[in-house]
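The values are calculated or read from the model by the stated rules, or taken from the named source; none is laboratory data. None of the values given here were measured: they were computed from a predicted structure. Neighbour counts run over all protein chains shown; Cβ positions are idealised from the backbone, glycine included.
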Amino acid sequence: MKDPIKEKLQHQGLRCTTPRKCIIQALQKGPKTHAEILKETRLDRVTTYRNLIALQKAGLVYRVYLPGRNALYVLCQAEKPSHAHFFCQRCSKGICLSPEIIQLASPWDTRVEKMLLLGYCPQCS
Ligand SMILES: [Zn+2]
Ligand SMILES: [Zn+2]
């Protein structure tokens, strides 16, 4: 049987462990703070923290800081090469932008590793 979460993890060179699976499942329902992930997954603090770092390094999860709020962890939906993200500050919806959206002019034609655009989605603006 195919397990999409397992495939996603292995595709990024990560082993599919129970904590990683639990965290991804929690984030599939929407962006969450560290505390909310703990509550939902019932994992311990250190395990959650370590696995969130591994997932971020692999590009499966990204972190959003909004002023006056705790950092939110958001699941990256796309398997595209490095790309930027857009995040709605009102409804906390995150979308993956196509890699072509942010392109540096040559000779700076390198990959965008991390870029987050904050704004309002069509429903909220
Ligand atoms: Zn993404
Ligand atoms: Zn919105």
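Here are the numbers:
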{"quantity": "Which numbered condition Q56 fails, given (1) more than 9 Å from ligand 1 (Cβ to nearest atom); (2) closer than 21 Å to R15 by Cα; (3) exposed (fewer than 13 other Cβ atoms within 10 Å of the Cβ)", "calculated": "(3)"}
{"quantity": "Count - residues of the stretch 83-101 that are among the aliphatic types (A, V, I, L, M) and either more than 16 Å from ligand 2 (Cβ to nearest atom) or in contact (Cβ under 8 Å) with a residue 40 or more places away in the chain (or both)", "calculated": "2"}
{"quantity": "Search result, residues across the stretch 70-82 that are farther than 16 Å from L118 by Cβ, surrounded by fewer than 19 Cβ atoms within 10 Å (Cβ to Cβ) and more than 16 Å from ligand 2 (Cβ to nearest atom)", "calculated": "A78, E79, K80, P81, S82"}
{"quantity": "All positions within the stretch 23-48 that are part of a helix (DSSP H, G or I) and more than 14 Å from the chain's Cα centre (by Cα)", "calculated": "A35, E36, L38, K39, E40, T41, R45, V46, T47, T48"}
{"quantity": "Condition broken by A58, with the remaining ones in (1) in contact with a strand residue (DSSP E or B) (Cβ under 9 Å, 6 or more places away or on another chain); (2) modelled with pLDDT under 95; (3) within 22 Å of L97 (Cβ to Cβ) satisfied", "calculated": "(1)"}
{"quantity": "Subset of the stretch 35-53 (residues that are of a type in the set (D, E) and exposed (fewer than 15 other Cβ atoms within 10 Å of the Cβ))", "calculated": "D44"}
{"quantity": "Pairs with Cβ under 8 Å, 6+ apart, first in the stretch 57-82 and outside the structural domain of R15 (by TED's automatic domain parsing) and assigned to a loop (DSSP other than H, G, I, E, B), second among the acidic types (D, E) and within 14 Å of ligand 1 (Cβ to nearest atom)", "calculated": "S82/E113"}
